[in-house]
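K.L.:
What follows is a single structure, and I will ask about it in a moment.
No lab work stands behind these numbers, since they all come straight from the coordinates. The structure displayed is predicted, hence computed values, not measured ones. Cβ: placed from backbone, ideal geometry, glycine included. Neighbour counts: every protein chain shown.
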Amino acid sequence: MKIKNSEKISRIKKEVRLDVLSIVPGLAMGPAYYFRKFSFEIDDLNYPVESIQGEIERFRRACAKTSNLLKKTKQLSSVIYDEQFLEIFESQIALLEDRIFLKEIETFIREKKHSAAFAVFSVFREKMDYFMGLENEYFRERSLDIQDLKHKMLHAIFGVGTEYQISIPSIIFAEYLSPSDTIHFSRNLVLGFVSDTGGKTSHAAILARSLNLPYAINNQNLSKIVQTEDFVIVDAYSGQMIINPTRKTIESYKELKKKYTEIDLALKEEAGLPARTLDGVEIDVLANVEFLNEIPGAHSYGANGIGLFRTEGIFLEKDGLPDEEEQYQIYRRVSEEMIDKPVILRSLDAGGDKVLKDIDHPEEQNPFLGWRAIRFCLDEQDIFKTQLRAILRANISGNLKLLIPMVSCLREIEETKKILEEVKSELRHKGQEFREELELGIMIEIPAAAIMSDIFAREVDFLSFGTNDLTQYTLAVDRTNQKIARLFNDLHPAILRLMQMTITNAHNLNKEISICGELAANPDAIPVLIGLGLRKLSMSPFIIPRIKKIIRSFSVSECESLVDHLLTLPSALQIIEETKKFFNDKISNKDLLI
Ligand code: PEP
Ligand code: MG
């Protein structure tokens, strides 16, 4: 039998740094273990069949063997992992015990006179394709579980083992990691994961998150870059991977690692404490999320609510558009899972770099200045109305709010309100249950919106700064362009001035104002944001305990004095220097800034 040979790997001798996408933040350092699955070639599967009955027996033996292996794995796992993971094995065992499915494979062998291996390959593939074609993300992910089971069955038929054995603590590298792959590695020996493909909702990522193991994705072919036993540092905090680091780099990361671990542990313990400044002002620290499975993390990291639910995640992860019912179920669950805490659902922010597959999106010269967000929704009212209906219906307990992205003119607010009323009236007409009250907010992420905020704020219930875009549009720096990344400075005086102006306008009108751009997750910026008058900051869940602790380290009055001074400064560089100085003076625990 031919087993596909691993590709030739060119060894990297020098220290090499690569950018990685952080899926689960953290820092791992140690030897790489490149996990390869045997890949069976179609010719291997289609071996000559000597006896049909012999092949059927072979298939049955493989089923029994795989089923036993899964039962053992499940038993092993139940000690360490939660229900979610056990379900994967249960569903795989159930498939191997499904009489109709087994019969289908046996009939394939009998009627087509094919080998057991070929029958397994073909019937499993058909099932996988079916699941893959479904719109629901959950079912699409199940197709990966079926693929994994197919692999196990082929291994059992050919009697070849898998390469889960690691003897020393290692960082697992792979093209793709299935849940059972991840589980087979001894938990004590895994330091982190890096794969070519995957995503925030992949099971491997869920597993890594629940184990608090860093996980990064690098969509270059890792097998060509990393080899088992290469020493690697995966910095899934800053999004860097270092292969064959020098002794000096290792030493500096060792120090960092020790600090991170100690700090994170201590911070997590205090996650439930309020973020109260020294002079007793409580700051709401909220979570930015995209998917339902991030809600438990938001709770455990001490979020006071969801400050930004980027709903485009729901649209981007599937091939077709999600229908009203699908969206309703998701929004309803977020509302329920957050119980009485607020949840700000942002309406679809399509366009720019988030192009929906099923929309005939025109080729644009400047997509970020183009058919994006609310502009898109107001033109594609069927899509917008479907989302609004789902949100209104899901808001039975009243903790949901609606946030409109990329507002640049009054007409966009007026039209949104008009459409919202139309949707309510349609729901009333149909007799569908929904809550009439739904707070409406706008993102302040275009300079025009900040400048016009005294007018715009009258029309809405709340405002939220999107400093990622506000910086991009104010400084004319494409946020996705690496080449000018150094110019992307969200502490630029122009940004601070726009924020100050907007906050004053919001306060004068008694309107709530928050921030959900990445600036809120930058420790340096916290005294600036508080000094500017913000009392609601929204960020990735994992950073919340750290930011809460930082908030507890100074008073509002000293932040206000800092901001008074910063607003007189002419450059971002000077502002950053001054904020750093402020930290040095006020925060005794400098490690909070790592
Ligand atoms: C922002 O622009 O700051 C923001 C929060 O929105 P997004 O990053 O999704 O564009
Ligand atoms: Mg934005």
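K.L.:
If I take every Cα pair under 8 Å that is 6 or more residues apart in the chain, average their sequence separation and divide by the length, what percent do I get for the relative contact order?
P.N.:
Result for the chain is 14 percent.
K.L.:
Within the set 72/257; 71/224; 259/354; 103/152, which residue pairs have Cα atoms separated by over 28 Å?
P.N.:
From 72/257; 71/224; 259/354; 103/152, over 28 Å: 72/257; 71/224; 259/354.
K.L.:
To continue, here is another question. Counting pairwise Cα distances across region 424-518, what percent come out greater than 21 angstrom?
P.N.:
Tail of the P(r) past 21 Å holds 42 percent of the pairs.
K.L.:
Multiply the residue separation of residue 415 and residue 91 by 0.36 nm, subtract the distance between their alpha-carbon atoms, and state the gained length in nm to one decimal.
P.N.:
111.9 nm
K.L.:
With Cβ to Cβ distances under 11 Å as the rule, what net charge do the other residues near residue 283 carry (K, R +1; D, E -1)?
P.N.:
That sum, taken over residues with Cβ under 11 Å, equals +3.
K.L.:
Around residue 173, which amide H atoms from residues at least 5 apart in sequence, or from another chain, sit under 5 Å from its own amide H, with H modelled in the peptide plane?
P.N.:
Under 5 Å from the amide H of residue 173 lie the amide H atoms of 33, 34, 35, 194, each far enough along the sequence or on another chain.
K.L.:
Check residue 20: other-chain or 5+ apart residues with amide H under 5 Å from its amide H, H built from backbone geometry?
P.N.:
Here 240, 241 satisfy the definition.
K.L.:
Same structure, new question: How big is the C-alpha Rg of region 287-367 next to the rule-of-thumb value 2.2 N^0.38 Å, as a ratio?
P.N.:
Relative to the 2.2 N^0.38 Å estimate, region 287-367 comes out at 1.22.
K.L.:
Follow-up. Residue 524 to residue 353: extension gain in nm, 0.36 nm per residue of separation minus the Cα-Cα distance?
P.N.:
Once the chain is fully extended between residue 524 and residue 353, it gains 58.8 nm.
K.L.:
Another question, if that's okay. For residue 104 and residue 224, compute 0.36 nm times the residue count separating them, minus their Cα-Cα distance, and round to one decimal in nm.
P.N.:
Contour length minus Cα-Cα distance gives 39.2 nm.
K.L.:
Now, a different point. Could you work out the helix-only [θ] at 222 nm for the chain, with each DSSP H run of four or more residues adding -39,500 (n - 2.57) and the total divided by the number of residues, to the nearest 500 deg cm²/dmol?
P.N.:
-15000 deg cm²/dmol
K.L.:
Would you mind ranking 546, 486 so that the residue whose beta carbon has the fewest other beta carbons within 10 Å leads the list?
P.N.:
Fewest-to-most Cβ neighbours within 10 Å comes out as 486, 546.
K.L.:
May I ask you to list the aspartates and glutamates whose Cα is less than 16 Å away from that of residue 258, ignoring any residue fewer than eight positions away on the same chain?
P.N.:
Once the sequence-local aspartates and glutamates are set aside, what remains near residue 258 is 235, 591.
K.L.:
To test your reading of the geometry: what angle, between 0 and 90 degrees and rounded to tens, separates the Cα axis of helix 572-586 from the longest principal axis of the chain?
P.N.:
So the helix axis and the longest Cα principal axis differ by about 90 degrees.
K.L.:
For 358, 382, what's the fewest-to-most ordering of other Cβ within 10 Å of each Cβ?
P.N.:
382, 358
K.L.:
Along Cα→Cβ, 7 Å out, is where each label goes; now give me the distance between the ones at residue 254 and residue 21 in nm to one decimal.
P.N.:
Output for this residue pair reads 3.4 nm.
K.L.:
Let me ask something additional. Lysine pairs in region 484-594 8 or more apart or on different chains: how many have alpha carbons under 30 angstrom apart?
P.N.:
For region 484-594, qualifying lysine pairs total 19.
K.L.:
Further, regarding this structure: Does anyone have the angle between helix 381-394 and the longest principal axis of the chain? Alpha-carbon axes, 0 to 90°, nearest 10?
P.N.:
That helix lies at roughly 90 degrees to the long axis.
K.L.:
If packing is taken as the average count of other Cβ atoms within 10 Å, what order do 432-443, 93-104, 462-473, 294-305 fall into, highest mean first?
P.N.:
The densest-packed peptide leads the list: 462-473, 294-305, 432-443, 93-104.
K.L.:
Work out the length of the dipole vector of the chain about its Cα centre, built from +1 on the beta-carbon of each Lys and Arg and -1 on the beta-carbon of each Asp and Glu, and round it to the nearest 20 debye.
P.N.:
Computed about the Cα centre, the dipole is about 1900 debye.
K.L.:
Using alpha carbons only, how many degrees (0 to 90, rounded to 10) separate the axis of helix 83-96 from the longest principal axis of the chain?
P.N.:
30
K.L.:
Still on this structure, please answer the following. Nearest 5 is fine: what % of DSSP beta bridges in the chain come out antiparallel, could you say?
P.N.:
In the chain, DSSP labels about 35 percent of beta bridges as antiparallel.
K.L.:
Moving to a separate point now. Using all C-alpha to C-alpha distances in the chain, build P(r) with 10 Å bins and read off the rounded percent in each one.
P.N.:
3, 15, 23, 24, 19, 11, 4, 1, 0
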